[in-house]
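Below is one structure, written out as structure tokens; the observations come after it.
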Amino acid sequence: MLSTLLVANRGEIACRIFRTCRDLGIATVAVFSDADADALHVREADTAVRLPGATPADTYLRGDLIVKAALAAGADAVHPGYGFLSENAGFARAVTDAGLVWIGPPPAAIEAMASKTRAKELLGVPPLPAGAVTEADLPVLVKAAAGGGGRGMRVVRHLDDLAGELAAASAEALSAFGDGEVFVEPYVENGRHVEVQLLADTHGTVWTLGTRDCSLQRRHQKVIEEAPAPGLPPGLVESLYERSASAAKSVGYTGAGTVEFLVADGRAHFLEMNTRLQVEHPVTEAVFGVDLVALQIAVAEGETLPPEPPRPSGHAVEARLYAEDPAARWAPQTGPLHTFEVPGGPGLRIDTGYASGDTVGVHYDAMLAKVVAHAPTRAAATRLLARALERARLHGPSTNRDLLVASLRHPGFTEPARLGTGFYAEHLDALTVPPSGEEYAAVAAALADAVHNPSSFGGGWRNVRSQDECRTYVGVGAGAEGAYEVAYRPTRDGRHQVTSPPGVRVVAVAADRVSLEVGGLVRHFDIARYGEGEGGREVAYAGPYRLTPVPRFPDPDDQREPGSLLAPMPGTVVRVTEGLAVGARVEAGQPLLWLEAMKMEHRVIAPASGTLTALHAAPGRQVEVGTLLAVVSTSTDAQEEPSA
């Protein structure tokens, strides 16, 4: 029996595995990079070991250091989680060669299936040779042979783009998985991403634990997943079970694994087999009433599975809550997570690697949590999940919370016949419309600040009426003018009278809570404020709305000239468009440079057609949010500036 287990991973999945270990009476060991020294998974482990990697990004790819850490901490088993080295056969062998128990499939099975190119050849669907791709093959998908999560994936629609996308995908895969091999396969437009969860023991029993639908994706990363996959014909489901179990048996597979398919026009196209625990495994656990991590450990200890898996019950839906801005090409966001509270309750589960007070950094994936709802029906689970997300208190970096809520209520999701991987390509603009009510949140923030800091708002009630007090806020949906101006005056009863915007009656005011009546409806806003951003500028939260006060006297040195391209996130400049130089003509939408953040590459494009008058970016440069990267002038007599 195992006594101590090391998790060769970080964040949410490490915390989730530790939870099962505690339930089983197994001691836990965490590993961490310097950037993760105070991370939640480090705080939750019984023992933690620092990994001295060259950079935070490559620390968790150092299998030799992880094995040494396990031996030093007295662990007798290693669980790889997902990502990083979870599908690395060499790491699995190093673990077992050191006399440790590997919580995963045999290295030979990993080699056969973890490389997507070899898996396709094994199943008779070899990838396209990159050099043989023609116009007739387009569109195609460039894909990393190792790992997943959307890293190292590119859709190519024009043959001239193939070489560049192969290079970019290879670089991204090498950074994320330590393996730069990529391949090319046909790209099926807007199919459904359906997968089968497997669990196999060492005695020949193979379970198929239902299907999952993971069609809602951005940048080839899953956003919303559910079990079972709704609306599939029973015959197709049985075929998926048979093909998945056959694939596992053909390579002597043991432990947990997932076989993924793209379903289009009634046919299922094999994508890959993931020889690890999937991010979305909680929906299967909810429906089947199992703990897949506990079962992985049981299989590794040699236990025999019952002949048949438990019977499924109900429906489960999972949403991945990210620190990102969907309206800005899914740009990841960073910074202090002042308040992070997602409501729990019957049917709800939250898996996370963060807590209030933690900081979202630049080195790793931007996922904050997985929020899961389980209910008797799909509609009930979806409703429960949307409401839980809506009620979450998320004070800090921008998140995709509003997008998730809108997605869960959109007919493209609620009607299974409309599910497809093109959901966000088709509906993103409509889903990122700012929520209504923000102007009233600005009123609440202004009144709460008047109570919280009365000295900054002039005197109180007086016999002779003076000018209204005014305060201006910038919010996500502030419109063309870019801000909300709130005007009010004190009253005898201390509640204040709002003069702009019209139609607002103040019900109650306190420094941390404001109640307003608008159109006969009373709305309550919980207020919080934090000093953050450049110069420690305060940010206010009124309910779910994030608002930035506009200074009455703007700093004249804080002005940027038109056409300035600022870094949308902290990261590293990895590439600049070949031949790009000051004085060059650029076109609107043209990629100028690429930033790497959280192991993903992000394009910075020209905002308009014009002349490049300044270029401050060079490969290898580290930048922070708001760093000036370049200037594109639309003026016909633009003056060139020297590059830095």
(request) Can you check what the net charge comes to around THR134, using other residues whose Cβ is under 15 Å from the Cβ of THR134 (Lys, Arg +1; Asp, Glu -1)? (result) -4
(message) Sequence gap at least 6, Cα distance under 8 Å: using those rules, report the relative contact order of the stretch 192-431 to the nearest whole percent.
(response) 20 percent
(request) Enumerate the amide H contacts of MET569 below 5 Å, restricted to partners 5 or more residues apart or on another chain; note that Pro and chain-start residues carry no placed amide H. (result) GLY626
(message) Order these by the 10 Å Cβ neighbour count, fewest first: THR414, THR611.
(response) THR414, THR611
(message) Among 223-230, 105-112, how do they line up by average Cβ neighbours within 10 Å per residue, starting with the highest?
(response) 223-230, 105-112
(request) Please tell me the relative contact order of the chain in percent, rounded to the nearest whole number, where contacts are Cα pairs under 8 Å and at least six residues apart. (result) 9 percent
(request) Might you report the magnitude of the Cβ-based charge dipole of the chain about its Cα centre, with Lys and Arg at +1 and Asp and Glu at -1, to the nearest 20 debye? (result) 1380 debye
(request) Kindly express, to the nearest 10 degrees and within the range 0 to 90, the angle between helix 162-177's C-alpha long axis and the longest C-alpha principal axis of the chain. (result) 80 degrees
(request) Mind sorting out which of (i) 1.03; (ii) 0.97; (iii) 0.99 is the real Rg/Rh (Cα atoms, Kirkwood Rh) computed from the coordinates? (result) (iii)
(message) Output wanted: per-residue J couplings in Hz (rounded whole) for the stretch 428-444, from phi through Karplus 6.51 cos²θ - 1.76 cosθ + 1.60, θ = phi - 60°, x for Gly and Pro.
(response) 4, 4, 5, 7, 9, 5, x, x, 6, x, 5, 5, 6, 5, 5, 4, 4
(request) Please give the calculated 222 nm ellipticity per residue for the chain, where each DSSP H segment of at least 4 residues contributes -39500 (n - 2.57) and the sum is spread over every residue; nearest 500 deg cm²/dmol? (result) -7000 deg cm²/dmol
(request) Using a 10 Å cut-off on Cβ atoms, rank the peptides 267-275, 237-245 from the highest mean neighbour count down. (result) 267-275, 237-245
(message) Distance between the C-alpha centers of the stretch 195-221 and the stretch 146-187? Whole Å please.
(response) 24 Å
(request) Count the net charge of all other residues whose Cβ sits under 10 Å from the Cβ of ARG505, scoring Lys and Arg as +1 and Asp and Glu as -1. (result) 0
(request) Please state the charge dipole magnitude for the stretch 560-633, taken about the Cα centre, from unit charges on C-beta atoms (+1 on K and R, -1 on D and E), reported in debye and rounded to the nearest 20. (result) 20 debye
(request) Work through the residues other than GLY345 whose Cβ is under 12 Å from its Cβ and net out their charges, Lys, Arg +1 and Asp, Glu -1. (result) +3
(message) With unit charges on the beta carbons (Lys and Arg positive, Asp and Glu negative) and the dipole taken about the Cα centre of the stretch 16-75, which residue among ALA72, THR20, SER33 sits farthest to the positive side?
(response) THR20
(message) I'd like the antiparallel share, as a percent to the nearest 5, of DSSP beta bridges with both residues in the chain.
(response) 90 percent
(request) Could you list LEU5, LEU277, LEU159 in order of exposure, starting from the residue whose Cβ has the fewest other Cβ atoms within 10 Å? (result) LEU159, LEU277, LEU5
(request) Using the Karplus curve 6.51 cos²θ - 1.76 cosθ + 1.60 with θ = phi - 60°, work out ³J(HN,Hα) for each residue of the stretch 412-423 in order, rounded to whole Hz, and write x for Gly and Pro. (result) x, 9, 5, 9, x, 5, 9, 5, x, 5, x, 4
(request) Calculate one ³J(HN,Hα) per residue across the stretch 355-372 by plugging θ = phi - 60° into the Karplus curve 6.51 cos²θ - 1.76 cosθ + 1.60, and present them in order as whole Hz with x for glycine and proline. (result) 9, 3, x, 6, 10, 8, x, 9, 8, 10, 3, 8, 6, 8, 6, 10, 10, 10
(request) Neighbouring Cβ atoms within 10 Å as the yardstick, rank ASP97, ASP325, ASP58, ASP160 fewest first. (result) ASP160, ASP97, ASP58, ASP325
(message) How far apart, in nanometres, would the label points at ALA510 and ALA584 be if each is projected 7 angstrom from Cα along the Cα-to-Cβ direction?
(response) 5.8 nm
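We did not get these values from a lab; they are worked out from the coordinates using the rules stated. In this text, all values refer to a predicted model and were calculated from it rather than measured experimentally. Cβ sites come from the backbone with ideal geometry, for glycine too, and all protein chains shown count toward neighbours.
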